[in-house]
1. Could you go through the range 190-208 and let me know if any residue there is within 24 Å of A127 (Cα to Cα), part of a strand (DSSP E or B) and in contact with a helix residue (DSSP H, G or I) (Cβ under 9 Å, 6 or more places away or on another chain).
2. Against the condition touching a Leu at 6+ places or on another chain (Cβ under 7 Å) and either crowded, with 20+ Cβ neighbours inside 10 Å or closer than 15 Å to K134 by Cα (or both), how does G223 come out, does it pass?
3. Looking only at the range 233-278, count how many residues are more than 22 Å from L194 (Cβ to Cβ) and hydrophobic (A, V, I, L, M, F, W, C).
4. Mind listing whichever residues of the range 89-102 are of a type outside the set (D, E), surrounded by fewer than 18 Cβ atoms within 10 Å (Cβ to Cβ) and part of a helix (DSSP H, G or I)?
5. Please go through the range 217-231 and give me each residue that is within 28 Å of G32 (Cβ to Cβ) and not hydrophobic (A, V, I, L, M, F, W, C), ordered by number.
6. Assess whether S171 counts as being among the hydroxyl-bearing types (S, T, Y) and surrounded by fewer than 20 Cβ atoms within 10 Å (Cβ to Cβ).
7. Check T216 against each of (1) within 30 Å of L126 (Cβ to Cβ); (2) assigned to a helix (DSSP H, G or I); (3) polar (S, T, N, Q) and name the one condition it does not meet.
8. Consider V148 carefully, then state whether it is assigned by TED's automatic domain parsing to the domain that holds F255 and touching a residue at least 60 places away in the same chain (Cβ under 8 Å).
Amino acid sequence: MEIIHFANPPAFQEQVQPYLVRQEAENNLLLGILANIIGGEYSDVRPYLALVKEGDEIQAAALCTPPFPVLISYQDPAPERAVLLALLDDLQDSLGEKFCGISGNKAFISPLINLWQGISGIEASLAMAMRIYKLEAVQPVSGVPGKVRAANQIDRDLLLDWYAGFQRDASNAEPNPSHVRNQVGTYLEADPALRGLMIWEAGGRPVSMAGYSGPTPHGIRIGAVYTPPDQRRKGYASACTAQLSQHLLDEGHEFCFLFTDLLNPTSNHIYQQIGYRPVCDVDRYLF
């Protein structure tokens, strides 16, 4: 067994992509962020890119763009202790204090976290319990007034407010204004084939938004779904997400993915109503 590091992201992608697309929905975030790195994002950090191999077979893949947690993919839901130890040792040696957390399939992350806490004495806290969903065909939403349109620069101030609200709801913490500005700017200035925001308008004014980013070889990720509190429970987010998902399928993607917070039963329900089906549970731990 050996751990191979990559300084060249395209070389890492060439090695890891066939492995990751075996479970493309589960690995959509790792695939999407790797594509973003190659596209020029995260240029201010040196990403950690590594494979754990036994012979010619990949046992695990890991990616980190500090200060974010490490994303890990593992092919076997019952991982061998030797693989876990080798991966943890390498993460600690390579990242040091930047090794601040782990995110991945719950079936793999749970034993990894238990082992980490035992050998390091560092407590890991569950930051978010999520579920990945995948959609291949949209079940249309009816009876919701309004229509969808692409967001543009004229909407920037509104989007700054809404994206901050989305971050606040997602993290239960006050968002960093600089991060919000950067994210909204990236959405608005990106190639619309790769990333964008859509707005649902009702009664002549914006009432909800949904975004997309992180294309994979056959799919793309939905995110940044937000409706301001005074416009909720009217079906706007469902209608906006459904029409955005259909648009992305029409553009040639075979499927769409999204993450939900398991503590939010409303979002888990509405996405299933429009055709999203559960793939796996994902845990994010912080040290």
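The values are calculated or read from the model by the stated rules, or taken from the named source; none is laboratory data. What you are looking at is a predicted structure, and each value in this text was computed from that prediction instead of being measured. Neighbour counts are summed over all protein chains in view; Cβ atoms, including those assigned to glycine, are modelled from backbone coordinates with ideal geometry.
1. The answer is no, given that none of the residues of the range 190-208 is within 24 Å of A127 (Cα to Cα), part of a strand (DSSP E or B) and in contact with a helix residue (DSSP H, G or I) (Cβ under 9 Å, 6 or more places away or on another chain).
2. yes
3. Selection size over the range 233-278: 6.
4. Q92, S94, L95, G96, K98
5. P217, H218, G219, R221, G223, Y226, T227, P228
6. yes
7. (2)
8. When the stated conditions are applied, V148 passes them.
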